[in-house]
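What follows is a single structure, written as structure tokens, with notes after it.
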Amino acid sequence: MRIIWPSYLLLLALAAQASRAETGYDGWLRYTPINDSAVREGYDNLPAVVHKLSDSGILKSAEDELLRGVRGMLGRTLRISTTKPTESAILLGTFAEMEAFSAEVPSFSELPADSFCLKTATIEGEHYLLVAGANERGVLYGVFELLRRLSLQQPLHGLDRCEEPYAPIRILNHWDNLDGTIERGYAGKSIFWEGGHIVKDLSRVRDYARFMASVGINGCSINNVNADFRAIDAEHLEEIARVAAVFRAWGVQTYISLNFASPREIGGIETFDPLDPAAVKFWTDKINEIYTVIPDLGGFVLKADSEGRLGPSEYGRTHADAANVIARAAKPHGGKLFYRGFVYNHRMDWRDLSLDRAVAAYDNFQKLDGQFEDNVIIQIKHGPIDFQVREPASPLFAGLEKTNQAIELQITQEYLGQQKHLCYVVPMWQEVLDTDMRVGGKKTPVKELVAGKTFDRPMGGFVGVSNVGRDTNWLGHHLAMANLYGFGRLAWNSNLSSKEIVDEWTRLTFGHAPQVVETIVDMQMDSWPIYESYTGPLGIGTLTDIIHIHFGPAPESSEHNGWGQWHRANETGVGMNRTQTTGTGFIGQYPPELAAEYESLETCPDDLLLFMHHVPYTHLLKNGKTVIQHFYDEHYQGAEDAKKLAAAWESLRGLVDEQRFDEVLARQLYQADHADVWRDSICNWFHKLSGIDDEQGRVGNHPDRLEAEDQELVGYQVTDITPWEAASGARAVQIPESKSEGTIRWKFDGNDGWYDLAVQYFDEEDGISEFDLTVAGQEVVRWDAPDNVPTPSDKPDSHTSSRRWIHGIALRSGDEIVLTGRADGGERAGVDYFILRPHRFRD
């Protein structure tokens, strides 16, 4: 019997859903009510019955998700039919099951695994909506596509649509440690691990699996590539099997990262030589044991001979030897091995101009092409260095013709603001994927190479380093979820544009209000170029602290050490000479046409200039500016543009739910201010090194800035900051002892009026200092550090340099302004400077 709800009850129900708390936990799977009556009427013909053609766990997930989505968006509860329907229905099943259901089912083309079709059809006189898959996972993907179309308010009438994945492999890597910490994680502790064990409550893991399935991700490794030996002992395998069971219901295969020295460390033998029979037996026995516990394990991830990880070089063996000993043991079980191509010497002599980290992946693996087992996939970072803000495509993509490969993309923003800064990276990935490598003089974009389309390899695809955490919104910054969504969509369909993807994500996450959609899409599309401009333009790389935290500016940290992320800046010029004629020869690793383009200063793109060439600061770019002036201009413009991002978000006040609005605003305001820290640090450093002034006189000139060390200090001491460019004037003030108090005071001598005052202070993670600002004896504001956005260091430096704005202070000439700081723990209430500007009234 059809139940007809009174219209006012339906409206109340929809209003209740619309007003629910928006924490970001639901991501793009919100399934909020469709309130537009005209749009709702377009779905009146949606069948009221759903019938699945098998009882598998994946089809049960598909059915549950369909019920959940339709109920949320249309306020209707689909009726589940356990027998063959006698009325219009939504039918869920594989192609084979559909054909067995009725002879009147339309035929399906032969499509690869994970493909799906959505079709409307009349069968035995009834209207059916068919959600059919090449396999059960394809059916689940088809349901999510159907729900995406509903969420995007697209028509369902006359559906006849089939989709197949661009590449067979679409997996996520997690760098989670068994103690619950995450290497390069910026959103809380691990959702998988805690205290050395798998977490007891796997509900969050289940919801993460839904996210993965909704965008076609079919695999996930759950422990750090810097692997703990214990991950594959009997106790932990039983625990990992619980995760695998949750993943299994959503079509996601579990992967485990291995430590190559395991035979020696936990196997009770003296060697991990991949050609030693004892080590071979260890891996065979251990992998048989693993598959006994988790029969459908996808396989393994291995990092060896990289950044101190033990590997085959210990015994003079090759990477093929190392990969094959594991791959051969996994092959009978259908297991795959992802062998990371991130192999390089991190103890190089920086004084030797012939050395170059960028050549390492190609040098290590190209000579082994064809020597790997066919279930080995070489996992290659998208660029030859390390997830920098801009890199060329790795030449190894073109260098492997007989070996499976996958591109490794980083979703977690390790070098890109760590989800404290907005940086939508799908356009960056797309530039690499669309790079035409010209293998054999033919059109060969990277996306075709990694998907196995060019050389007809059996497997290949996409690996994303995700590192979600227990923060309610998964990645710390609500807008960063576009990168996770974007990875899945791009891996599924590499021909989608980055703007199409973020438009989808925005509508699914924030609704369809035109101003909201347009503003967020523009913010996301502008964010990567903005971040690049105030961090590292012209291909120089992200000029951050590469030794430790990878967050704030520290341009010299990449020089004069063995890590090889050099930019070779000196008094006369900057950039790595990677030419074939006079440099490291890296450019010669590319196919001839692309190598010729990069080799010439005339044809090398300016946005990769300093990656490929060392040039004088006075070298003229194609825009007519010198390199050094372009640096100054880009950093100043980028800092201004970061403020425009914050202003754009503020324009959505009242149009986005309060919680998500406030949380995003805090991050955008933080980015707007931290971009100034970047601007000043990089410009001051290059100004001092080059001795060349900014044509516009901005560098080092801050007329509205008052240095803390120049004011009257009581209880505060002046201290030098390291590195020097992390503080204005290279100095700041601190309270020497914990639990002590100090004051900074000065008298205002300007014109009477309304002013905005900013305090640039150091918000370290080793204490919670307190600050109290008074004007003419009246308390104006009191706050604790940490403020809204946590900073990742226990020192006063560019990572912890933070800003607190106090808007709308009425000042009179002669007023005394006093900042009182109270130190706590290792955090000594450090202050760098103050900014005083006429108040800007907001609309």
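Taking Ser690 and the conditions (1) in contact with a helix residue (DSSP H, G or I) (Cβ under 9 Å, 6 or more places away or on another chain); (2) open to solvent by 60 Å² or more (accessible area, probe 1.4 Å); (3) closer than 30 Å to Ser354 by Cα; (4) not charged (D, E, K, R), which numbered condition does it fall short on, given that it satisfies the others?
Going through (1) in contact with a helix residue (DSSP H, G or I) (Cβ under 9 Å, 6 or more places away or on another chain); (2) open to solvent by 60 Å² or more (accessible area, probe 1.4 Å); (3) closer than 30 Å to Ser354 by Cα; (4) not charged (D, E, K, R) one by one, Ser690 breaks only (2).
Out of the residues in region 513-542 that are among the hydroxyl-bearing types (Ser, Thr, Tyr) and in a helix (DSSP H, G or I), state the one that is surrounded by the fewest Cβ atoms within 10 Å (Cβ to Cβ).
Of everything passing the filter in region 513-542, Thr519 is surrounded by the fewest Cβ atoms within 10 Å (Cβ to Cβ).
Looking only at region 635-686, which residues are open to solvent by 20 Å² or more (accessible area, probe 1.4 Å) and touching a Cys at 6+ places or on another chain (Cβ under 9 Å)?
The one that is open to solvent by 20 Å² or more (accessible area, probe 1.4 Å) and touching a Cys at 6+ places or on another chain (Cβ under 9 Å): Tyr636.
Just checking: which of the helices (runs of 4 or more DSSP H) contained wholly in region 563-650 hold 2 or more residues that are of a type in the set (Val, Ile, Thr)?
627-650
List the pairs whose first member sits in region 244-270 and is free of Cβ contacts under 8 Å to residues at least 40 places away in the same chain and under 30 Å from Ser214 (Cα atoms), whose second member is part of a helix (DSSP H, G or I) and open to solvent by 10 Å² or more (accessible area, probe 1.4 Å), and whose Cβ atoms are under 9 Å apart, counting only residues at least 6 apart or on separate chains?
Short answer, once both residue conditions are applied: Ala245/Gly57.
Given the condition under 27 Å from Ser651 (Cα atoms) and open to solvent by less than 10 Å² (accessible area, probe 1.4 Å), answer yes or no: does some residue in region 759-778 qualify?
Yes, region 759-778 contains at least one residue that is under 27 Å from Ser651 (Cα atoms) and open to solvent by less than 10 Å² (accessible area, probe 1.4 Å).
Per-residue answers, yes or no, for (1) touching a strand residue (DSSP E or B) at 6+ places or on another chain (Cβ under 7 Å); (2) open to solvent by 60 Å² or more (accessible area, probe 1.4 Å):
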{"position": "Ile80", "(1), (2)": "yes, yes"}
{"position": "Thr86", "(1), (2)": "no, yes"}
{"position": "Gly93", "(1), (2)": "yes, no"}
{"position": "Ser102", "(1), (2)": "yes, no"}
{"position": "Val105", "(1), (2)": "yes, no"}
{"position": "Thr120", "(1), (2)": "yes, no"}
{"position": "Leu130", "(1), (2)": "yes, no"}
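Going through region 373-397 one residue at a time, which ones are open to solvent by 10 Å² or more (accessible area, probe 1.4 Å) and outside any loop (DSSP other than H, G, I, E, B)?
Passing the criteria: only Lys381.
In the list Ala595, Ala569, which residue meets the criterion of being of a type in the set (A, V, I, L, M), open to solvent by 10 Å² or more (accessible area, probe 1.4 Å) and either without any contact (Cβ under 8 Å) to a residue 40 or more places away in the chain or at negative phi (or both)? First the steps, then the outcome.
On the way: Ala595 fails: open to solvent by 10 Å² or more (accessible area, probe 1.4 Å).
The match here is Ala569.
Name every residue in region 340-372 that is under 16 Å from Gly308 (Cα atoms) and either of a type in the set (Phe, Trp, Tyr) or open to solvent by 50 Å² or more (accessible area, probe 1.4 Å) (or both), in order of residue number.
Phe342, Tyr344, Asn345, Arg347
Would you mention how many residues in region 33-47 are open to solvent by less than 40 Å² (accessible area, probe 1.4 Å) and assigned to a loop (DSSP other than H, G, I, E, B)?
The total comes to 5.
Could you run through region 692-727 and say how many residues are in contact (Cβ under 8 Å) with a residue 12 or more places away in the chain, more than 37 Å from the chain's Cα centre (by Cα) and not in a helix (DSSP H, G or I)?
Result for region 692-727: 9.
For region 97-124, give me the residue count where each residue is assigned to a helix (DSSP H, G or I) and over 20 Å from Leu146 (Cα atoms).
3
Identify all residues within region 790-807 that are over 20 Å from Gly729 (Cα atoms) and either touching a Gly at 6+ places or on another chain (Cβ under 9 Å) or open to solvent by 30 Å² or more (accessible area, probe 1.4 Å) (or both); write none if there are none. Let's see the steps before the verdict.
At the first step, the residues of region 790-807 found to be over 20 Å from Gly729 (Cα atoms) are 790-794, 805-807.
If the condition is that a residue be over 20 Å from Gly729 (Cα atoms) and either touching a Gly at 6+ places or on another chain (Cβ under 9 Å) or open to solvent by 30 Å² or more (accessible area, probe 1.4 Å) (or both), then Pro790, Thr791, Pro792, Ser793, Asp794, Trp805, His807 are the ones that fit.
Can you tell me which residue within region 162-201, out of those that are open to solvent by less than 20 Å² (accessible area, probe 1.4 Å) and free of Cβ contacts under 8 Å to residues at least 60 places away in the same chain, is farthest from Pro106 (Cα to Cα)?
In this case the residue turns out to be Gly196.
The values are calculated or read from the model by the stated rules, or taken from the named source; none is laboratory data. Owing to the predicted nature of the structure, the values given are computational and were not obtained by experimental measurement. Quick reminder, even Gly has a Cβ in these numbers, built from the backbone with ideal geometry, and neighbours come from all protein chains shown. For accessibility, only protein heavy atoms count, side chains too; no ligands or nucleic acids. Shrake-Rupley method; radii C 1.70, N 1.55, O 1.52, S 1.80 Å.
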